[in-house]
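What follows is a set of notes on a single structure, which appears directly below.
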Amino acid sequence: MADGYHHGNLRAAVLARAAEVIEQEGPYAFSLRSLAADLGVSHTAPRYHFGSREGVLNALATDGFTELARRLAANREAEGGFLESGVEYVRFAMEHPAHFQVMFAPSLLDQDDPALSAARGAAFGELRSGVASLADGVEDPAAGVVAGWSIVHGIATLALTGNLDSSGVRALLGDADLLAVTRRSAGLLFGSPEPPPSPAQE
């Protein structure tokens, strides 16, 4: 391409730049034209891959759900348990804050997009698989999954918006990092048969 990008890495570059803008300024702070200008490519180049601004957001959300599903599946296959699935959920949110923000903002997305629907379904399928792991220890496993998801989603959101720190609540937990906070908080509901990983394993 005359713009200096191959088709594949232009797509990745557009998504990476969009994620940077969203993390810094929110999901309304870019257009396809502004992304093209930031990357030094023609204003029509991003449209080839995404069609519209909504297409960029759909792609970010799809990639986010795909990565979240991968992490949750890896935890399940390693027999990490439902509590550690929650820890992975928070870890994902902290490492991919722009994706996390867009994934759970339905008004920004095309809900009929098949790739997005499939990726979302895979991620929530992993969450629903937690019902089986809770069957022996929680009176209402389905409600337990909702409660567990609410806890970890809430922790991630409070942390990303700065409210966990500005409220002073996090200070009550001492020097614990966010993943330790997640284990302690969600552990009140589910408990953990294994000791938490050492800081070197975080």
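One table, with the values for the structure above:
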quantity: Extreme residue, nearest to the chain's Cα centre (by Cα), among residues of the range 133-153 that are of a type in the set (A, V, I, L, M) and closer than 18 Å to residue 87 by Cα; calculated: 152
quantity: Members of the range 48-77 that are of a type in the set (Ser, Thr, Tyr) and assigned to a helix (DSSP H, G or I); calculated: 48, 62, 66
quantity: Subset of the range 78-99 [open to solvent by 50 Å² or more (accessible area, probe 1.4 Å) and part of a helix (DSSP H, G or I)]; calculated: 94, 95
quantity: Residue list for the range 79-115, restricted to those being of a type in the set (Ser, Thr, Tyr) and within 19 Å of residue 188 (Cα to Cα); calculated: 85, 89
quantity: Helices (runs of 4 or more DSSP H) enclosed by the range 100-172 - at least 2 residues per element that are surrounded by 14 or more Cβ atoms within 10 Å (Cβ to Cβ) and touching a Lys or Arg at 6+ places or on another chain (Cβ under 9 Å); calculated: 114-128, 130-134, 141-160
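This table checks each residue for (1) at pLDDT 95 or above; (2) closer than 21 Å to residue 178 by Cα; (3) out of contact with any Pro (no Cβ under 6 Å at 6 or more places or on another chain).
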position	(1), (2), (3)
20	yes, no, yes
42	no, no, yes
46	no, no, yes
66	yes, no, yes
95	yes, yes, yes
109	yes, no, yes
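The values are calculated or read from the model by the stated rules, or taken from the named source; none is laboratory data. From a predicted model like this one, the values you see are computed outputs, not experimental measurements. Because the Cβ atoms are built from the backbone with ideal geometry, glycine has one as well, and the counts that use them run over all protein chains shown. Just the protein is used for accessible areas: all its heavy atoms, side chains included, with ligands, DNA and RNA removed. Shrake-Rupley method; radii C 1.70, N 1.55, O 1.52, S 1.80 Å.
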